[in-house]
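Taking it in order: structure first as structure tokens, then the write-up.
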Amino acid sequence: MTRLILFSIVLSSLLLASPSANAKTFGGFQVGQTFTLKVVKVTSTKKTGLAGPETAAPIHSKAAKYRKGQSITFRIRAGGKLTAKGISIPFAHATRTVNEYNLSRGGTVAVTRTAEISKKGRNATGGYLYFFITDNTGMEPVYSTVIYKLK
């Protein structure tokens with residue numbers, strides 16, 4: 001009986017010490033977790049100056065390029081960072097149904113990358129990828145926006 005109790009204690013301590021048992025989650029997603037979402041809509045616009053009209057435009061070179069119907073495999077990295085081909089966006093915060101990721105870079109051409117991933121429990125169900133680019137190299141700023149709707 002003593003052996004059984006001792007064996008149970010040793011086994012329990014090994015399970016508690018294992019990395020998988022103590023894996024940290026970020027908004028319910030574990031580091032190393034992968035999920036695939038499909039691009040169902042692509043919107044790309046450009047606007048010159050504050051008063052200029054917003055018009056359809058090719059995808060800006062500073063934004064990741066995906067096409068409608070393309071499947072994107074995402075992976076959660078250390079610190080909760082969301083990664084996929086062409087992106088790496090730090091975890092910002094989570095609600096019960098959405099994880100948000102954000103990366104903003106300043107400079108002459110400022111780029112903000114934002115992702116909202118909808119979830120049910122630990123499963124991704126859809127979301128959006130946003131790329132906001134402000135190009136201040138000319139006489140007037142040029143604002144480019146690229147939005148990918150994911151399902």
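Before moving on, here are some points about what is shown:
- Phe74 vs. criteria in contact with a helix residue (DSSP H, G or I) (Cβ under 8 Å, 6 or more places away or on another chain) and touching a residue at least 24 places away in the same chain (Cβ under 8 Å): no
- Taking region 1-94 and the strands (runs of 3 or more DSSP E) fully enclosed by it, the elements with 1 or more residues that are at pLDDT 95 or above, loosely packed, with under 11 Cβ neighbours inside 10 Å and in contact with a strand residue (DSSP E or B) (Cβ under 8 Å, 6 or more places away or on another chain) are at 71-76.
- Checked against the criterion of being in contact with a His (Cβ under 9 Å, 6 or more places away or on another chain) and farther than 19 Å from Ala57 by Cβ, region 93-100 contains one or more residues that satisfy it.
- Cβ separations smaller than 9 Å between residues 6+ apart or across chains give no pair from region 32-57 residues that are over 11 Å from Tyr143 (Cα atoms) to residues that are in a strand (DSSP E or B) and of a type in the set (Asp, Glu).
The values are calculated or read from the model by the stated rules, or taken from the named source; none is laboratory data. Source: prediction; values computed, not measured. Please note: Cβ atoms are built from the backbone with ideal geometry, for glycine as well, and neighbour counts cover all protein chains shown.
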